[in-house]
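The values are calculated or read from the model by the stated rules, or taken from the named source; none is laboratory data. Since this is a predicted model, take the numbers as computed values, not measurements. Cβ coordinates were reconstructed from backbone atoms using ideal geometry, including for glycine residues, and neighbour counts include every protein chain displayed.
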Amino acid sequence: MYRQRSLLPFLFAVCVLWAGCETPPPARPPLPPSESDLDLLGPTKLCDSRQTFLAAHPGVIPHTQAWGSGQELQIPSEQSRSKSDESYFFDEDGTLVGMLFVFRSGLDLAPYKTLRYTLSRLKPSLEFYLTVAQLADRQNMEGSTIYDTGDEKTTTRYLVLGDRSNQRLLEASFTVDPYVKLFSPYRKEFLDRLRDTAQHTGGQHLDTQGAEDKEPFASLQQFARGQTAQLAYCGTKNQVIALDAYQKASASGFTGTVWQAELHHRLGVSWEAAGNLEKAKSELLASLALRPNSPEVVNNLGAVYWKLGEKKNALASFEKAILMRPNYAIARFNVAEAIADDNPRRAITEYETYLALVEGILEETDRAALAQKRVQALKHQ
């Protein structure tokens with residue numbers, strides 16, 4: 001049976017019937033423009049290994065410090081190609097998941113026509129006042145803006161000082177999407193790299209700016225690691241890493257109900273991939289106890305029930321998912337698969353409803369072809 005995943009579109013691979021493989025969600029809406037003539041990344045790419053990164057920076061010996069369970073490699077501005085303080089963040093598996101470029105004196109964007117045009121087309125995601133110690137030629141406190149852009153798997157953020165007629169870039173961050181919460185330029189730990197709080201006098205007191213997350217950093221970091229591995233953000237799925245990461249996130253814990261419910265959900269998917277269906281069922285039921293109105297979790301529970309041979313519970317789950325979301329294409333397909341032998345007429349209807357819902361969705365091409373074959377076979381019985 002087929003399970004629903006969330007957070008990452010990717011090309012759908014043909015699955016064996018009842019195999020429980022995952023499918024992508026609807027495609028993200030049109031992304032904002034992201035063109036830039038400011039090349040910060042150079043030879044470095046997100047998802048590079050630590051070894052690949054070091055090979056791309058010969059002769060540079062970065063400073064290394066702990067970043068939760070991972071590492072941050074720092075290259076100071078006097079040694080960096082970008083003339084900024086560069087930081088590269090690796091998870092505990094040695095995968096590059098985030099980059100931060102800090103221009104302490106501000107980078108004048110006047111020469112960068114393409115980036116300025118891109119920023120002019122983006123809506124501010126956050127605006128606030130900021131004092132930057134090394135900008136002696138600017139006012140003590142000035143308006144700053146964060147702009148977000150990116151692609152299907154990554155997010156780019158720019159922290160810009162000043163109005164559109166006189167902009168300076170203070171920070172730029174690039175991150176794999178599951179980690180985006182940990183890489184906002186507004187985080188206190190990153191704002192502090194711009195300002196000398198010990199010398200700050202007058203104006204707004206900034207201790208409240210960039211407040212840290214309410215949830216434990218370790219939990220957020222491991223949850224992001226799990227998503228990156230489970231949902232193939234860096235090219236291939238790794239269910240072993242995903243299960244390890246979610247278990248570590250569970251050990252440190254979340255306080256919010258939504259976070260707790262989604263962690264149980266992801267653990268359930270991981271345990272199913274590991275072949276432990278009873279643990280998968282237990283985690284999915286725990287997720288629904290906290291957040292009962294999640295059609296994705298209900299549908300995924302149905303897939304586990306089917307593998308356990310609990311076919312009545314499986315069908316009930318799929319139908320419940322449809323009641324929650326009538327246009328839930330994957331649940332429609334799962335209902336059709338579950339009832340094809342006993343109720344072929346309704347199965348045809350469900351297959352055809354599924355086909356109508358996924359028309360034009362590239363990621364559903366293979367499953368849609370399978371549904372069409374099922375319909376033809378049932379009509380000729």
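Is it the case that F90 is touching a Lys or Arg at 6+ places or on another chain (Cβ under 7 Å) and surrounded by fewer than 22 Cβ atoms within 10 Å (Cβ to Cβ)?
Working: touching a Lys or Arg at 6+ places or on another chain (Cβ under 7 Å): yes; surrounded by fewer than 22 Cβ atoms within 10 Å (Cβ to Cβ): yes.
Taking the combined requirement at face value, the residue satisfies it.
Is it the case that some residue within region 145-159 is among the polar types (S, T, N, Q), outside any loop (DSSP other than H, G, I, E, B), within 27 Å of the chain's Cα centre (by Cα) and over 28 Å from A232 (Cα atoms)?
So in region 145-159, the residues among the polar types (S, T, N, Q) come out as 145, 149, 154-156.
Now drop any that are not outside any loop (DSSP other than H, G, I, E, B), which leaves 145, 149, 154-156.
The next check asks that each one be within 27 Å of the chain's Cα centre (by Cα); those that pass are 145, 149, 154-156.
Pick out the ones that are also over 28 Å from A232 (Cα atoms) and you get 145.
Within region 145-159, one or more residues are among the polar types (S, T, N, Q), outside any loop (DSSP other than H, G, I, E, B), within 27 Å of the chain's Cα centre (by Cα) and over 28 Å from A232 (Cα atoms).
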- S80: passes all of (1) under 17 Å from Y186 (Cβ atoms); (2) modelled with pLDDT under 95 but (1)
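For S294, are the conditions met, namely being within 22 Å of W271 (Cβ to Cβ), in contact with a His (Cβ under 9 Å, 6 or more places away or on another chain) and not charged (D, E, K, R)? Show your work before the answer.
Values: within 22 Å of W271 (Cβ to Cβ): yes; in contact with a His (Cβ under 9 Å, 6 or more places away or on another chain): yes; not charged (D, E, K, R): yes.
Criteria met by S294.
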- Would you please name the residue that is surrounded by the most Cβ atoms within 10 Å (Cβ to Cβ), looking only at residues in region 49-73 that are polar (S, T, N, Q) and closer than 18 Å to D85 by Cβ? Q71
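Would you say L285 is assigned by TED's automatic domain parsing to the domain that holds V258, surrounded by fewer than 16 Cβ atoms within 10 Å (Cβ to Cβ) and assigned to a helix (DSSP H, G or I)? Explain how you work it out, then say what you get.
Numbers: assigned by TED's automatic domain parsing to the domain that holds V258: yes; surrounded by fewer than 16 Cβ atoms within 10 Å (Cβ to Cβ): yes; assigned to a helix (DSSP H, G or I): yes.
It is true that L285 is assigned by TED's automatic domain parsing to the domain that holds V258, surrounded by fewer than 16 Cβ atoms within 10 Å (Cβ to Cβ) and assigned to a helix (DSSP H, G or I).
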- Which condition does D93 not pass, out of (1) part of a strand (DSSP E or B); (2) under 26 Å from K214 (Cα atoms), if it passes all the others? (1)
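Does A356 count as of a type outside the set (S, T, N, Q) and either assigned by TED's automatic domain parsing to the domain that holds A261 or surrounded by fewer than 17 Cβ atoms within 10 Å (Cβ to Cβ) (or both)?
Details: of a type outside the set (S, T, N, Q): yes; either assigned by TED's automatic domain parsing to the domain that holds A261 or surrounded by fewer than 17 Cβ atoms within 10 Å (Cβ to Cβ) (or both): yes.
Considered against the rule, which asks whether it is of a type outside the set (S, T, N, Q) and either assigned by TED's automatic domain parsing to the domain that holds A261 or surrounded by fewer than 17 Cβ atoms within 10 Å (Cβ to Cβ) (or both), A356 comes out as yes.
Results for (1) under 26 Å from the mean Cα position of the chain (by Cα); (2) surrounded by fewer than 17 Cβ atoms within 10 Å (Cβ to Cβ); (3) part of a strand (DSSP E or B), shown as yes or no for each residue.
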{"site": "V97", "(1), (2), (3)": "yes, no, yes"}
{"site": "Y117", "(1), (2), (3)": "no, yes, no"}
{"site": "L126", "(1), (2), (3)": "yes, yes, yes"}
{"site": "V132", "(1), (2), (3)": "no, no, no"}
- Item | Count - residues of region 328-356 that are among the polar types (S, T, N, Q) and either touching an Asp or Glu at 6+ places or on another chain (Cβ under 7 Å) or closer than 12 Å to L378 by Cβ (or both) | 2
